[in-house]
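Each reported figure results from applying straightforward, stated rules to the coordinates on display, with no laboratory input. No experiment lies behind these values; they were computed from the predicted model shown. Cβ sites come from the backbone with ideal geometry, for glycine too, and all protein chains shown count toward neighbours.
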Amino acid sequence: MEENEIIQNSAHRCPSKVYPLTTGDISQLPPSRPPHYQHFQIKKLPKLIIITLLVVAASISLTALICILMYFTLGPKLPSLHLDTFSVSNFTIGSTNLIAKWDFNLTFKNPDHLWQIYLDCIECIALNHDHFPIAINHSVSPPFKVKPMKKSTIHVQLATGDSLIFLNHQLLQKINSQRRNGRMVVFDLAVRAKTRFTGVSWLWWTEFANLMYTCLDLKVGFKGLSDSDVGMFIGRLPKQC
């Protein structure tokens, strides 16, 4: 009876067979389930975003560095100014006023290879040797430009009637003494220029500057004491300001 019960109970067991595994043998194990693709994409997405952001940040930093280096290494050079001619006519000194006319040529030279210079406004001031203004011209010429490695020359005329400047008696006496004793009067010339610097096609920015030049110790000699005498510059020209 006991054997019959054992046989009857065994009939309800799983018919699959179980074999013992030898040591190190995994060939009989079922294959592992492959990772889910969506789980893999969720893990990789933050890394791709970080790499993209790093690349963008590196590109912006590199561009900014290149612009800074170009600004300091390829920045515009200031133009040089030379006085080519200088003369004074109609020079008359009274007890309360001074009448004179200054004629001179100015040459602006652009020493840069990459930048064009636009001179929008030029102001010239004639001063006595003590730096007191005698005549002022606020706009000596229309705006013009100087191309790279080129130069441009303008003619300037100043007259005491162009501006209302009152000279004291002591200053007039000092100028008159120079004229009568040595037949030579010393002047100074100040030139103010409002400029724009524009680069070539691949230099896309524009620079602005207000330049100031001074031409000192401009000695003018007169042959006589007549008001019709023309005073000429004494010295070597051109003179750099």
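Need one number: nm distance between label points at Ser89 and Cys67, each 7 Å from Cα along Cα→Cβ, rounded to one decimal.
Rounded to a tenth, the inter-label distance reads 5.4 nm.
Take every Cα pair under 8 Å in region 80-240 that's 6+ residues apart, average their separations, divide by the length, and report that relative contact order as a whole percent.
Averaging sequence separation for qualifying contacts and normalising by length gives 29 percent for region 80-240.
Test of understanding: ordering Leu158, Leu48, Leu167 by Cβ neighbours within 10 Å, fewest first, what list do you get?
Lowest to highest Cβ neighbour count: Leu48, Leu167, Leu158.
Could you put Asp112, Asp84, Asp130 in order, starting from the residue whose Cβ has the fewest other Cβ atoms within 10 Å?
Asp130, Asp84, Asp112
Each residue of region 46-57 in turn: what ³J(HN,Hα) in whole Hz from Karplus with 6.51, -1.76, 1.60 and θ = phi - 60°, glycine and Pro shown as x?
3J(HN,Hα) across region 46-57, in whole Hz: x, 5, 5, 5, 5, 5, 5, 5, 5, 5, 5, 4.
Please arrange Ser61, Ser80 by counting, for each residue, the other beta carbons lying within 10 Å of its beta carbon, fewest first.
The order, fewest Cβ neighbours first, is Ser61, Ser80.
Note the full-extension length gain between Asn181 and Phe144 as 0.36 nm times their separation in residues minus their Cα-Cα distance, in nm to one decimal.
9.1 nm
Mean 1/r over all different Cα pairs, inverted: what Kirkwood radius does region 109-241 give, in Å?
Computed over region 109-241, the radius equals 17.0 Å.
Report the residues of region 80-94 in range of a label on Leu171: point 7 Å along Cα→C-beta, backbone N strictly under 15 Å from it.
Within reach of a label on Leu171, which here means backbone N under 15 Å from a point 7 Å along Cα→Cβ, region 80-94 contributes 93-94.
Quick check on my link table: of Lys101/Lys145; Lys77/Lys150; Lys101/Lys147, which ones sit more than 23 Å apart, alpha carbon to alpha carbon?
Over 23 Å Cα-Cα: Lys101/Lys145; Lys101/Lys147.
Give me a comma-separated list of calculated 3J(HN,Hα) values for region 170-186, in order, Karplus coefficients 6.51, -1.76, 1.60 applied at θ = phi - 60°, integers in Hz, x for any Gly or Pro.
Karplus values, whole Hz, x for Gly and Pro: 5, 5, 4, 5, 5, 5, 5, 5, 4, 5, 7, 7, x, 6, 8, 10, 9.
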